[in-house]
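Worksheet for the structure shown next.
The values are calculated or read from the model by the stated rules, or taken from the named source; none is laboratory data. Since the model is a prediction, treat every value here as computed from it, not as a measurement. Note that we place each Cβ from the backbone using ideal geometry, even for glycine, and neighbour counts take in every protein chain shown.
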Amino acid sequence: MLNRLLGKLYGKKSQDTPKSPPAEAETTAPSASAEGDAPVEIDGLIQPSVGTDVPTAGAATEPPTPPSRATGAPASETSPAGAEEQPREEGEGSIDTAALEAQIAEAIKTIYDPEIPVNIYELGLIYSIKVEPSGMARVVMTLTAPNCPAAGILPGQVESQARSVDGVYDVDLDLTFEPPWTIERMSDAAKLELGML
């Protein structure tokens, strides 16, 4: 009787003793980095962490507009080609051609014929002086005779003096003997200087 009671008692205790739950399989849960931006690996696949921007598949991406070499701004914001001011060419612009012609005449009056004490302008050796709006000066001159000893000197001096005038950028000198020079081409001042009046 005692043995039966003891058997029941011990049997009940064994039934009342809770079974320890089976040890759970240790699973290594991926831990996100403190920054929240490191990728983690789950089941062999790398997954981005929360907050990471992932481009949508098939989404079109626009390439950035290349900057302008000169300003560094996008090409679309730069001024159109040819908008820059072009440099002015030499001799270009509005000039007083009549004033330049008078200045050239005064410069030529400093040149004298070696055989005559009168400047070549008053002698009538300068047939014409013409200045174009571009600044080109065209001078037509002659000599007292084709075999004049100063033939190799005077034309170069005339061109040099005309070119020295401010506003003249080039000179076209034409030496001619048609019509030939005569005393009638001399000015009154020259004739007076030579005692012809």
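Tabulated data
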quantity: Residue identified as modelled with pLDDT of 90 or more, surrounded by fewer than 12 Cβ atoms within 10 Å (Cβ to Cβ) and outside any loop (DSSP other than H, G, I, E, B) among Ala98, Ala107; calculated: Ala98
quantity: Flag for Ile116 being in contact (Cβ under 8 Å) with a residue 60 or more places away in the chain and in a loop (DSSP other than H, G, I, E, B); calculated: yes
quantity: Among the residues listed as Leu194, Leu175, the single one being modelled with pLDDT of 95 or more, farther than 25 Å from Ala99 by Cβ and surrounded by 12 or more Cβ atoms within 10 Å (Cβ to Cβ); calculated: Leu175
quantity: First in region 120-147 and aromatic (Phe, Trp, Tyr), second anywhere and assigned to a helix (DSSP H, G or I), Cβ under 7 Å, 6 or more apart; calculated: Tyr121/Ala105; Tyr121/Ile108
quantity: Index of the failed condition, Val168 passing every other in (1) surrounded by fewer than 19 Cβ atoms within 10 Å (Cβ to Cβ); (2) in contact with a strand residue (DSSP E or B) (Cβ under 7 Å, 6 or more places away or on another chain); (3) part of a loop (DSSP other than H, G, I, E, B); calculated: (1)
